[in-house]
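Notes for the one structure printed next.
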Amino acid sequence: MNGMRRLGIDVGGTGVKGNVVDTETGELLADRVRIETPHPATPEAVADTVAAVVETHGYDGPVGITLPSVVKAGIAHTAANIDPTWPGTDAVTLFGERLGRLPDAQRSGAGPSRPVFVLNDADAAGLAEVRFGAGAGRRGVVCMLTIGTGIGSALFLDGRLLPSSEFGHLQVDGHDAESRASAAAREREELSWPKWAKRFSRYLQVLEDLVWPDLFILGGGVSKKPDKWLPLLEARTEIVVAQLQNQAGIVGAAMAAAEDTSP
Ligand code: BGC
């Protein structure tokens, strides 16, 4: 499977970003394409935006796509921070058919339905970090957390993903964790870094009492300025900052597409 190229697309709250990735090395092979997320971000509207990203790349192979939702067997099940019409949507069929209708796919014979793999955004980011980033070569239980509008999680044992952990929704002191400890909560409540770090530490402590990870990898927008908060965190588990930053979702999505279509 040397040098397998796949297009990975990360569907976020503000942007839909895609790039072609060498899934053996994690290297990005083209210029990243970013299109604003449509509002409302209904399944049909997001599928059109994803199609526009694919078309801009002029790419006709299998595509990996992230969603900020639990995805099992291609079906989106939750919608904490996306349009409420997503749960129950067969995302694999939706994207597969939409991308199969693109002229490139028709010409290459990839239509009418293109192979797509859809997975949770944090699971995708975790796959990339554990393989190519801050968790590379780490064994044991690794817990990746993405800190943004919500809190996403991805749990690994010896590099293998246990999909669909939703640790952002742990109850911490009677509150849904992400409603108080996400980056959005910090901005909404105008918390200083020390105040937010205290809240986030409390969250990590609840989580580590339940899961006992060997390593936390912290990613998302806040990973761009770790000096502000990393030294303030208190937890017994080793903590490292994600390395691939906002490319992690794209790389992980492409990796998932490569795995899914391997013989
Ligand atoms: C969702 C997760 C998602 C995370 C980050 C949470 O609110 O429940 O599925 O991974 O946000 O986007």
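Which residue is most open to solvent (accessible area, probe 1.4 Å), if the candidates are limited to segment 213-263 and must be among the β-branched types (V, I, T) and farther than 21 Å from A185 by Cβ? Top of the filtered list is T261. Here K72 fulfils each of the conditions (1) surrounded by fewer than 24 Cβ atoms within 10 Å (Cβ to Cβ); (2) modelled with pLDDT of 95 or more; (3) among the charged types (D, E, K, R); (4) over 21 Å from A41 (Cα atoms) apart from (4). Within segment 80-91, the set of residues being buried (at least 20 other Cβ atoms within 10 Å of the Cβ), at pLDDT 95 or above and touching a Gly at 6+ places or on another chain (Cβ under 8 Å) comprises A91 only.
Yes or no, residue by residue, for (1) closer than 24 Å to L119 by Cβ; (2) in a helix (DSSP H, G or I):
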position	(1), (2)
E190	no, no
P194	no, yes
R199	no, yes
I217	yes, no
D227	no, yes
V240	yes, no
A248	yes, yes
M255	yes, yes
A258	yes, yes
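Yes/no per residue for (1) modelled with pLDDT under 95; (2) among the β-branched types (V, I, T); (3) closer than 20 Å to G221 by Cβ; (4) touching a Ser or Thr at 6+ places or on another chain (Cβ under 8 Å):
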| site | (1), (2), (3), (4) |
| --- | --- |
| D104 | yes, no, no, no |
| G109 | yes, no, no, no |
| R114 | yes, no, no, no |
| A134 | no, no, yes, no |
| F156 | no, no, no, no |
| L161 | no, no, no, no |
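Being within 16 Å of the ligand (Cβ to nearest atom), charged (D, E, K, R), farther than 24 Å from V20 by Cβ and in contact with a Pro (Cβ under 8 Å, 6 or more places away or on another chain) is true of D83. Selection of first residues in segment 136-156 that are more than 16 Å from the ligand (Cβ to nearest atom) and among the basic types (K, R) and of second residues that are part of a strand (DSSP E or B) and open to solvent by 40 Å² or more (accessible area, probe 1.4 Å), restricted to Cβ pairs under 9 Å at least 6 apart or on distinct chains, gives the following pairs, ordered by first then second residue: R139/L157.
The values are calculated or read from the model by the stated rules, or taken from the named source; none is laboratory data. Keep in mind that this is a model prediction, so the values were computed, not measured. Here Cβ is always computed from backbone atoms with ideal geometry, including for glycine, and neighbour counts include all displayed protein chains. Side chains are part of the model used for accessible areas, which takes the heavy atoms of the whole protein and leaves out ligands, DNA and RNA. Shrake-Rupley method; radii C 1.70, N 1.55, O 1.52, S 1.80 Å.
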